[in-house]
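The values are calculated or read from the model by the stated rules, or taken from the named source; none is laboratory data. Since the structure is predicted, the reported quantities are computational estimates derived from the model, not experimental observations. Here the Cβ positions follow ideal geometry from the backbone for every residue, glycine too, while neighbour counts run over all protein chains shown. Ligands, DNA and RNA are stripped out before the accessible areas are found, and what is left, the full protein with its side chains, is counted by its heavy atoms. Shrake-Rupley method; radii C 1.70, N 1.55, O 1.52, S 1.80 Å.
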Amino acid sequence: MRHHAQRLGRFLFPNGYEGEFFLCGGAFKPLIRKELLINDLDLWVRNRVEREKLCAALIARGATLLRDFHPYCMKLRLDGQIVEITYHNVEDGNLQDILNTFDLAICGLGARYHNGQIDEICISNECWDTLQHREMHVLESYYCLLLEQKHPSLLRTLHRMGQTANELQYEVHLESEHRLWDLYWNTYTEEERQRSRDLYFATIVTHQTHHHQEHLVRRAAASGYAPIPHFEQRDSLPLQLAFQAA
């Protein structure tokens, strides 16, 4: 896992990068099943200043800004690879704190890049459990988020459970699935269920016509990790630096 993360770090910055970022989630799919391709490299930083610095370094490296999906992420293309810089501010957190923001336990793999090398890797206990039993389930921290905040990503996560299980040839953890449906029908209000349906159709349901290309763009931006950080954990405004450089 460390070797894989180091290779990705060298791809991003062949000559090194004097800074810090976190690489988590889907970047590690080939380690779970070698036939799988990396859709995008998801990067986290501690604050807005570090985000500006990383964005500028990637653009200097040759990346181009595809689109800014504030307050979710910025999407760039580098040598044919999609790179996403999230608007989530890690602040004083660590790798485990980032992994706890995902919806699915299988996403609980991450690495910390610092001054040219990978100096830390992390695999969450719930991810280990998923790998061992080959069952797709949600993180307990994510379930608590749904329970406390009635977050509208619930239906999207149910879809992702089945989709990711099929991709990895795993089974869906039935208890996790039942808990989500029970939450949806017995805890969410009708208004909250409607918001969940709206988000699902806006970010998951594929529209094939040109008229609905905007939905496909939004889907691409939001199909990574499901929870949206609290307002104080993300930048209130998009990065003007990225727009100017592109």
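List of remarks:
- Of the residues in the stretch 40-62, at least one is open to solvent by 60 Å² or more (accessible area, probe 1.4 Å) and either small (Gly, Ala, Ser) or under 23 Å from SER141 (Cα atoms) (or both).
- Scanning the stretch 155-168 for residues that are without any contact (Cβ under 8 Å) to a residue 40 or more places away in the chain and either open to solvent by less than 20 Å² (accessible area, probe 1.4 Å) or assigned to a loop (DSSP other than H, G, I, E, B) (or both) yields a single hit, ALA165.
- Members of the stretch 13-54 that are aliphatic (A, V, I, L, M) and outside any helix (DSSP H, G or I): LEU23, LEU36, LEU37, ILE38, LEU41, LEU43, VAL45
- Test result for GLN132, of a type in the set (S, T, N, Q), open to solvent by 60 Å² or more (accessible area, probe 1.4 Å) and touching a residue at least 40 places away in the same chain (Cβ under 8 Å): no
- Just one of the listed residues (GLN149, GLN132) is polar (S, T, N, Q) and modelled with pLDDT under 95, and it is GLN149.
- The set of residues from the stretch 112-145 being within 18 Å of HIS173 (Cβ to Cβ), charged (D, E, K, R) and touching a Phe, Trp or Tyr at 6+ places or on another chain (Cβ under 9 Å) comprises ARG134, GLU135.
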